[in-house]
Each structure stands twice: as C-alpha cells, then as structure tokens.
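Only one structure is covered here, and it is reproduced in the block below.
The values are calculated or read from the model by the stated rules, or taken from the named source; none is laboratory data. None of the values given here were measured: they were computed from a predicted structure. Reconstructed Cβ throughout: ideal geometry from the backbone, glycine too, with neighbour counts over all protein chains shown.
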Amino acid sequence: MRQFRKTEAVTATPTTTRKPRKAPARLKGTDHWLTREQVQAVCDAEPDPMYQTIFRLLAAHGLRVSEALSLRRADVECGFLTIQRLKGSQKTTQKLLVDLSAYIAAPSYRLFPVSRSSVFLHFRRAAAKVGLHPHLRHPHCLKHSTAHWLLNAGTPLQVASQYLGHSSISSTAQYLNCSDQMASAAAQQVIGTL
C-alpha cells in the first residue's frame, strides 16, 4: 500500500488540484539545542518537580530520556552518576550535577517511575508554554544542548565526547558548528591585533 507524503498534491476533484501544504521550516542538522536560559524557562514552566528534575538531569548530563528513566539508586552513589549509555555508546561515571536526594530516598525501584512518553508530553507542553520553536519541543534537544554548551565553552573534543558517552569522536564533532562571530572572537583571542 502506497503512503502519500504531505508534500504531494491532493486531488480534490478530477479537474482541480490543491497545492500541497508547506511544512513548517525545519531546523538543520544539530541546530536543535537550547540556551541555558531556555532550559531554565522550560523547567520553570513545568509544574511537576519530578519532571523539572528529569529535564535538568537530561541537560546537565547529556542523557537520553530512556537513560534517565533507567536510573536506579545503585547508579547514584557518593555524589556520582554511573550510566550505561544507549545506542552503542560508553558507560560513563560523572559527578552528579543535579540534586536527586528526594528520588534516591523514594521506595521505587527506579528513580523516576514514569513512562518515556509522559516525559515527552510534559516537555512538549512546557516548551510550548515558553514559545520554543516546534522542532525544539523535544527532550532530546537537551542532549544536543549539553554538547553545544561544552564545545562552545572551549572544552576539548575528546573531553566532550567522553562526557556525552560517545564511542566515536565523529559523533561529537557534528556539534562543532560555529558562526563567523565565534570564529572571529577565537582568532582575535589567539592572534590578537597585529
């Protein structure tokens, strides 16, 4: 059975056709990232403290939703987070950057006993409340954000790759987008004025 894409013309009657609806402008490549202020605004727009914590955890540690939801008490010990990354990535141990004490003390087996789809729904609602572009209303944007923040702050590629759990530096290198303004500022800092 053939499926039609939105961009194909739809025949209204045998003699007339309607123009296809134009899809909203889509962001390119790794342009799916948020500023720290936008992440804070999304967290503030979410009324449930557990989902706020999940969003912060995703952004602070560059986690996928499934990775965060698989966390158990044993994964968070002595102020460190140990996580087996998905999609063939590495296992990483990092200093915990988000307060999870309320969830560690809870009787649940997993720290966050919610479904992946509920995290998506809560993130989309909060992102819509703060007016983010529709293509930024996805929690995986938080992992992209972590990569951009690290690399734009001058973190070496190998260090950012390890933090994100990437098994290949080329996975991290895709986030090395830079503007002319960023390139000029870096050159001025290194070269100075001649």
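For region 10-43, a residue qualifies if it is at pLDDT 55 or above and more than 17 Å from the chain's Cα centre (by Cα), and the qualifying residues are T15, T16, T17, R18, K19, P20, R21, K22.
In summary, S89 fulfils each of the numbered conditions (1) more than 18 Å from T146 (Cβ to Cβ); (2) touching a Gly at 6+ places or on another chain (Cβ under 6 Å) with the single exception of condition (1). Can you confirm whether V98 is surrounded by fewer than 20 Cβ atoms within 10 Å (Cβ to Cβ), in contact with a His (Cβ under 9 Å, 6 or more places away or on another chain) and farther than 27 Å from A153 by Cα? Spelling it out, it is not the case that V98 is surrounded by fewer than 20 Cβ atoms within 10 Å (Cβ to Cβ), in contact with a His (Cβ under 9 Å, 6 or more places away or on another chain) and farther than 27 Å from A153 by Cα.
Here T155 meets the list (1) free of Cβ contacts under 8 Å to residues at least 40 places away in the same chain; (2) under 14 Å from L71 (Cβ atoms) almost entirely, failing just condition (2).
Residue count for region 137-160, restricted to those that are surrounded by fewer than 20 Cβ atoms within 10 Å (Cβ to Cβ), part of a helix (DSSP H, G or I) and within 9 Å of the chain's Cα centre (by Cα): 0. Among the residues of region 121-137, which ones are touching a residue at least 24 places away in the same chain (Cβ under 8 Å) and in contact with a helix residue (DSSP H, G or I) (Cβ under 7 Å, 6 or more places away or on another chain)? Scanning region 121-137 gives H122, F123, A126, A127, K129, V130, L132, L136.
Among the residues of region 56-85 satisfying the criterion of being among the aliphatic types (A, V, I, L, M) and not in a helix (DSSP H, G or I), which is surrounded by the fewest Cβ atoms within 10 Å (Cβ to Cβ)?
Within region 56-85, the first condition is being among the aliphatic types (A, V, I, L, M), and the residues that meet it are 57-60, 63, 65, 68-69, 71, 74, 76, 81, 83.
Filter once more, so that each one left must be not in a helix (DSSP H, G or I): 63, 71, 76, 81, 83.
On the way: L63: 27, L71: 21, V76: 19, L81: 21, I83: 22.
Of everything passing the filter in region 56-85, V76 is surrounded by the fewest Cβ atoms within 10 Å (Cβ to Cβ).
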